[in-house]
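See structure below.
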Amino acid sequence: PSHNPFYDNGIKLLNANGEKMEQSTLDLVEGLAQTVSPEDTAYVRSAYTQAKVSQAVLDYMMDIVQATRSTSAFRSGVSTRGAIALYKAAQVTALLSGRDYVIPEDVKFVAPHVLSHRVMAENPKAVQNLLAQLPVPLETL
């Protein structure tokens, strides 16, 4: 019985029993359309540190990190390296959004992606739930 494409592909994969698949992973990757040029990637890698982070946004990041360390929803919180990764990801997001400054929404956007695998929590949505509870600072220009 066919349930959905993911199910059907899973069945094909399991039934392969070591036989060559119709399409290899490499074929799939090579068939993807390029969305970012190598030059764009090099620019972001070199320029993201120019995105400024205000004290209010920095405080917001640390509120998030500290909450993962002190809230009972988390068995272990975000490490210092995780906090640095959040900072850098927010800078990249700002740059890709055409800004040279980070806004709280950048932090809120990247936090689940950057932090979810860095914490131990019963609930897989623990980071999203935490973000929904923490006040977001208002930016002053």
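The values are calculated or read from the model by the stated rules, or taken from the named source; none is laboratory data. Keep in mind it's a predicted model, so treat the numbers as computed, not measured. Because the Cβ atoms are built from the backbone with ideal geometry, glycine has one as well, and the counts that use them run over all protein chains shown. Accessible surface is based on the protein model in full, side chains and every heavy atom, while ligands, DNA and RNA are left aside. Shrake-Rupley method; radii C 1.70, N 1.55, O 1.52, S 1.80 Å.
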What are the residue pairs meeting all of these: first residue in region 71-99, first residue more than 21 Å from residue 47 (Cα to Cα), second residue buried (at least 17 other Cβ atoms within 10 Å of the Cβ) and among the small types (Gly, Ala, Ser), Cβ atoms under 6 Å, and 6 or more apart or on different chains? 73/121; 73/126; 74/121
Region 64-95, residues that are open to solvent by 80 Å² or more (accessible area, probe 1.4 Å) and farther than 13 Å from residue 106 by Cβ: 66, 69, 70, 72, 75, 80, 81, 84
Suppose we filter region 1-24 for residues that are at pLDDT 65 or above and open to solvent by 100 Å² or more (accessible area, probe 1.4 Å); how many remain? 6
For the structure I just gave you, tell me whether residue 119 is within 29 Å of residue 40 (Cβ to Cβ), surrounded by 13 or more Cβ atoms within 10 Å (Cβ to Cβ) and among the β-branched types (Val, Ile, Thr). no
